[in-house]
Amino acid sequence: MARIPFPEDVDPDLVESQRPDSLPEKYSHIGQQDARNVYRSIAHDPEVVETLRAHIGATWEHCGLSDRDRELVLLSVAREIDSAYEWHQHVRIAILEGISPEEIRALSARDYESFDDTETLLMEFAAAAASNGVTDEDVESLRDAFPDDDVAGIVALVGVYVDLNVILSAFDVETEEPFVGWELENLERD
């Protein structure tokens, strides 16, 4: 149970807050029943919810990555910082983006052999950035593969999800369904 009670009278518009406005329609079935717990945990301040939604949506939209690469980055961040909530949410999105359960399990184990060099670079950089372990060489490698505006977007994307984990951790926010598992042992296909 979360460390802060969810408001009893959550604004019905928060049901739509389960995902940023900029997400494609193909994600609409994910968590349709209620607002996502991350948003419910801060629903005492609706303006913060809306600001957070806008920030996440803008970062998704402008990070410069393909949908697949974005999800590899987000799963890498979630795994690196042990954010079960973020992992759980993004496993389903990653599968919709064509990332196989086998690839997700490999990412969880930090086994990047089945990924191409650019994907490996992104996953390793995301993990380093999430743990404050980025070196000059890491940034140069990323800059060799991506233009500077995309590098800025990638770093911002990592930062948004590390920041989001502060809320999740501080309030001990649980997943809405049973945790899918780091090895996808509880994965149910829709």
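The values are calculated or read from the model by the stated rules, or taken from the named source; none is laboratory data. All of these numbers come straight from a predicted model, not from anything done at the bench. In this analysis, Cβ positions are derived from the backbone assuming ideal geometry, glycine residues included, and neighbour counts consider all displayed protein chains.
A few points about this structure:
- Residue in the stretch 104-118 that is closer than 24 Å to residue 149 by Cβ and among the acidic types (Asp, Glu) present: yes
- Looking across 68, 40, 53, one residue alone is among the basic types (Lys, Arg), modelled with pLDDT of 90 or more and either surrounded by 15 or more Cβ atoms within 10 Å (Cβ to Cβ) or assigned to a helix (DSSP H, G or I) (or both). It is 68.
- Close Cβ contacts (under 6 Å, 6 or more residues apart or on different chains) running from residues in the stretch 117-139 that are closer than 22 Å to residue 82 by Cβ to residues that are surrounded by fewer than 16 Cβ atoms within 10 Å (Cβ to Cβ) comprise 125/138; 128/138.
To keep it simple, each residue is scored yes or no on (1) over 28 Å from residue 3 (Cβ atoms); (2) among the aliphatic types (A, V, I, L, M); (3) at pLDDT 95 or above; (4) more than 16 Å from the chain's Cα centre (by Cα).
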residue: 81; (1), (2), (3), (4): no, yes, yes, no
residue: 86; (1), (2), (3), (4): no, no, yes, no
residue: 101; (1), (2), (3), (4): yes, no, yes, yes
residue: 108; (1), (2), (3), (4): no, no, yes, no
residue: 112; (1), (2), (3), (4): yes, no, yes, yes
residue: 125; (1), (2), (3), (4): yes, no, yes, no
residue: 152; (1), (2), (3), (4): yes, yes, yes, yes
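- Helices (runs of 4 or more DSSP H) contained entirely in the stretch 96-190, each with at least 1 residues that are crowded, with 16+ Cβ neighbours inside 10 Å and in contact with a Lys or Arg (Cβ under 8 Å, 6 or more places away or on another chain): 101-108, 117-130, 148-170
- Only a single criterion out of (1) of a type in the set (Asp, Glu); (2) under 23 Å from residue 57 (Cβ atoms); (3) out of contact with any Asp or Glu (no Cβ under 6 Å at 6 or more places or on another chain) is not satisfied by residue 188, namely (2).
- Qualifying residue in the stretch 143-150 (condition: among the basic types (Lys, Arg) and free of Cβ contacts under 8 Å to residues at least 24 places away in the same chain): yes
- Within the stretch 132-149, the residues that satisfy the criterion of being among the polar types (S, T, N, Q) and more than 22 Å from the chain's Cα centre (by Cα) are 135, 141.
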